[in-house]
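Asks: Got a structure for you, written out below as structure tokens; questions coming shortly.
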Amino acid sequence: MTMVTTLVAEKPVVIFSKSTCCMSHTVKTLIYSFGANPTVYEIDEHPNGQQIETELKALGCKTKVPVIFIGQELIGGPNEIMTLHLKDKLVKLLKKANAIWV
């Protein structure tokens with residue numbers, strides 16, 4: 001967990017993604033649409049991508065990508081993000097993490 005913990009530390013929103021994944025693109029677009037500027041790690045282009053994938057799986061991630069952390073807390077994948085959005089809870093989480101201010 002050391003690699004993931006280090007990459008997520010002190011960042012309001014982190015998305016572990018793959019450059020060719022359409023769901024990763026959708027989640028990034030949604031987060032950007034609120035004015036947040038997430039830190040995005042394209043694990044298919046990252047030198048330690050395989051280690052990151054292994055650590056994310058060990059954390060209990062159900063999907064390979066995208067995996068989203070908000071306020072250093074593992075939120076999950078696209079299903080969890082879309083559920084939060086539909087329940088009007090995503091913006092509140094982003095505000096709480098200081099990823100957005102309005």
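The values are calculated or read from the model by the stated rules, or taken from the named source; none is laboratory data. Note that the structure is predicted; figures quoted are calculated from it, not measured. Using ideal geometry, Cβ is built from the backbone for each residue, glycine included, and neighbour counts are taken over all protein chains shown. For the accessible areas, the whole protein counts, side chains as well, though only heavy atoms, and no ligand, DNA or RNA atoms are used. Shrake-Rupley method; radii C 1.70, N 1.55, O 1.52, S 1.80 Å.
Asks: For segment 34-54, state whether one or more residues are in a strand (DSSP E or B) and either among the charged types (D, E, K, R) or touching a Gly at 6+ places or on another chain (Cβ under 7 Å) (or both). Full working, then the answer.
Replies: Step one: filter segment 34-54 for residues in a strand (DSSP E or B), giving 39-42.
Now narrow it down to the ones that are either among the charged types (D, E, K, R) or touching a Gly at 6+ places or on another chain (Cβ under 7 Å) (or both): 42.
Within segment 34-54, one or more residues are in a strand (DSSP E or B) and either among the charged types (D, E, K, R) or touching a Gly at 6+ places or on another chain (Cβ under 7 Å) (or both).
Asks: Residue by residue through segment 1-33, note down the ones that are part of a helix (DSSP H, G or I) and within 16 Å of Cys61 (Cβ to Cβ). Quick ask: steps written out before the conclusion?
Replies: We begin by selecting, within segment 1-33, every residue part of a helix (DSSP H, G or I); these are 2-8, 22-33.
Within segment 1-33, Met3, Val4, Thr5, Leu7, Val8, Met23, Ser24, Val27 qualify.
Asks: Give me the pairs, please: first residue somewhere in segment 89-101 and surrounded by fewer than 20 Cβ atoms within 10 Å (Cβ to Cβ), second residue anywhere and at pLDDT 95 or above and part of a helix (DSSP H, G or I), beta-carbon distance under 6 Å, and either six or more positions apart or on two chains.
Replies: The qualifying pairs are Ile100/Leu94.
Asks: For residues that are among the polar types (S, T, N, Q) and in contact (Cβ under 8 Å) with a residue 40 or more places away in the chain, scanning just segment 3-31, find the one that is surrounded by the fewest Cβ atoms within 10 Å (Cβ to Cβ).
Replies: Keep residues of segment 3-31 that are among the polar types (S, T, N, Q), which gives 5-6, 17, 19-20, 24, 26, 29.
Next, from what is left, pick out any that are in contact (Cβ under 8 Å) with a residue 40 or more places away in the chain: 17, 24, 26.
Working: Ser17: 24, Ser24: 26, Thr26: 14.
That would be Thr26.
Asks: How many residues, within segment 1-40, are under 20 Å from Ile100 (Cα atoms), of a type in the set (Ser, Thr, Tyr) and out of contact with any Lys or Arg (no Cβ under 8 Å at 6 or more places or on another chain)?
Replies: Matching residues across segment 1-40 total 4.
Asks: A further question on this structure: Out of all the residues in segment 32-54, which are open to solvent by 40 Å² or more (accessible area, probe 1.4 Å) and under 16 Å from Leu84 (Cα atoms)?
Replies: Selection gives Tyr32, Ser33, Phe34.
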